[in-house]
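A.B. asks: Here it is, the structure in full.
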Amino acid sequence: MAGRKVAPREAFSRRPRTAGYFCTVRTADNRVSSVLGQYRLQLADRYEEGEVRAIVRSVFADRLGWDMAQFDLRRGEALSESELLKVYMPLKRLRAGEPLQYVLGTVEFHGLQLRVGPGVLIPRPETEELVDRIIRSGKVPGRIVDVGTGSGCIALALKNAFPSAHVLGIDVSEAALVQARDNARTNGLEVDWVRADVLGIDRIPVSSVDLIVSNPPYVPRSDANEMNEHVLAHEPHVALFVADDDPLLFYRTIASLACQQLPPGGDLWFEGHHRYTPSVGDLLKSMSFADVEVLPDLTGHHRFIHAVR
Ligand code: GLN
């Protein structure tokens, strides 16, 4: 052993306590503004400046319980080593392009805290609008079916809004249903879940239903080249895409089931692609649904369809 160089104690104590990437993102100091600077630097090629700020706010809210509105006021504050570790931890996966919601593992949807992970579509704000429209319609449904429930977001938010309703969520993906069940449990909401491929069933497996809702896959495959990589590379394609040559496939299929199973006066609600929602409206009229409306989302796009049996 003679002659072998032994690093002085000092060198060990300066080593980062965590593996690999942490040392590449260490800042000159431990102020919040430096953390923001590092996020900017590391995510510049993936996200716009404003998006990075929103991401950092969400990370501080989720990991340190900070009030997002106060983030800017606290930029000069210093963080402890353990706080620094917590706020830097998500950066590696974000740099690799994973969506923020998967990295943090949760998303807020219509006042509910839902867990999401790879294999389940991340609930979108426009889907909260769909839920809002159903709630504000003034009707109180007794039996609800959500086709293609994913994380369970629509089914759970409706159960929360209509506690006496019986709600069933259907999905083709077992991974989605595992997440949906978990979300029901953590939010204390009782919903039934059934695994089924809506394209392969003759009936929705319920004895009666008075509201059917669906946010089916509606992005034409050819739109993929315009989509964000963090959606494309990470979210389940089975929940997103439909073939270019038949973009109404899910609407036609679900509307046919609704024709058989919804009683007169029963409601059908859809979210859809802004280019195709007018055609969905025409389809429903041709199937003798009444009061067919194509409704805009907050950005002004034709996004939702409502029809009455
Ligand atoms: N709104 C989602 C998106 O544009 C698509 C959801 C869906 O296909 N149902 O990414």
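The values are calculated or read from the model by the stated rules, or taken from the named source; none is laboratory data. These numbers were taken from a predicted model, which means no experiment stands behind them. No Cβ is skipped: glycine too gets one built from the backbone with ideal geometry, and neighbour counts run over all protein chains shown. Accessible surface is based on the protein model in full, side chains and every heavy atom, while ligands, DNA and RNA are left aside. Shrake-Rupley method; radii C 1.70, N 1.55, O 1.52, S 1.80 Å.
A.B. asks: Of all the residues that make up region 83-133, how many are among the hydrophobic types (A, V, I, L, M, F, W, C) and more than 16 Å from the ligand (Cβ to nearest atom)?
C.D. replies: So the answer is 10.
A.B. asks: Taking region 198-215 as the search range and keeping residues that are open to solvent by 20 Å² or more (accessible area, probe 1.4 Å) and within 16 Å of the ligand (Cβ to nearest atom), which one is nearest to G272 (Cα to Cα)?
C.D. replies: N215
A.B. asks: Which pairs turn up if I take residues in region 143-167 that are on the phi > 0 side of the Ramachandran plot and look for partners that are of a type in the set (G, A, S) and open to solvent by 20 Å² or more (accessible area, probe 1.4 Å) with beta carbon separation below 8 Å, at least 6 apart in sequence or on another chain?
C.D. replies: Between residues of region 143-167 that are on the phi > 0 side of the Ramachandran plot and residues that are of a type in the set (G, A, S) and open to solvent by 20 Å² or more (accessible area, probe 1.4 Å), the close pairs are G148/A239; G150/S173; G150/A239.
Yes or no, residue by residue, for (1) without any contact (Cβ under 8 Å) to a residue 12 or more places away in the chain; (2) within 16 Å of the ligand (Cβ to nearest atom); (3) not in a loop (DSSP other than H, G, I, E, B):
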position: V178; (1), (2), (3): yes, no, yes
position: D182; (1), (2), (3): no, no, yes
position: L189; (1), (2), (3): no, no, no
position: V194; (1), (2), (3): no, no, yes
position: P217; (1), (2), (3): no, yes, no
position: N225; (1), (2), (3): yes, yes, yes
position: H230; (1), (2), (3): no, yes, yes
position: V238; (1), (2), (3): no, yes, yes
position: D245; (1), (2), (3): yes, no, no
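A.B. asks: Just the residues that are farther than 20 Å from D202 by Cα and either of a type in the set (K, R) or within 16 Å of the ligand (Cβ to nearest atom) (or both), please, taken from region 247-268.
C.D. replies: P247
A.B. asks: Also, quick follow-up: Collect the residues in region 270-293 that are within 16 Å of the ligand (Cβ to nearest atom) and open to solvent by 50 Å² or more (accessible area, probe 1.4 Å), keeping them in residue-number order.
C.D. replies: The answer is H274, R275, Y276.
A.B. asks: Looking for something assigned to a strand (DSSP E or B), open to solvent by 60 Å² or more (accessible area, probe 1.4 Å) and touching a Ser or Thr at 6+ places or on another chain (Cβ under 7 Å) - is there at least one such residue anywhere in region 132-154?
C.D. replies: Yes, some residue in region 132-154 is assigned to a strand (DSSP E or B), open to solvent by 60 Å² or more (accessible area, probe 1.4 Å) and touching a Ser or Thr at 6+ places or on another chain (Cβ under 7 Å).
A.B. asks: Show the residue pairs meeting these rules: Cβ distance below 6 Å; 6+ apart or different chains; first residue within region 123-135 and touching a residue at least 60 places away in the same chain (Cβ under 8 Å) and closer than 15 Å to H273 by Cα; second residue open to solvent by 10 Å² or more (accessible area, probe 1.4 Å) and not in a loop (DSSP other than H, G, I, E, B).
C.D. replies: E126/R303
A.B. asks: In region 96-114, which residue that is in a loop (DSSP other than H, G, I, E, B) and touching a residue at least 60 places away in the same chain (Cβ under 8 Å) is most open to solvent (accessible area, probe 1.4 Å)?
C.D. replies: That would be E98.
A.B. asks: In region 134-167, which residues are within 14 Å of the chain's Cα centre (by Cα) and within 16 Å of the ligand (Cβ to nearest atom)?
C.D. replies: G148, T149, G150, S151, G152, C153, I154, A155, A157 - these are the residues of region 134-167 that are within 14 Å of the chain's Cα centre (by Cα) and within 16 Å of the ligand (Cβ to nearest atom).
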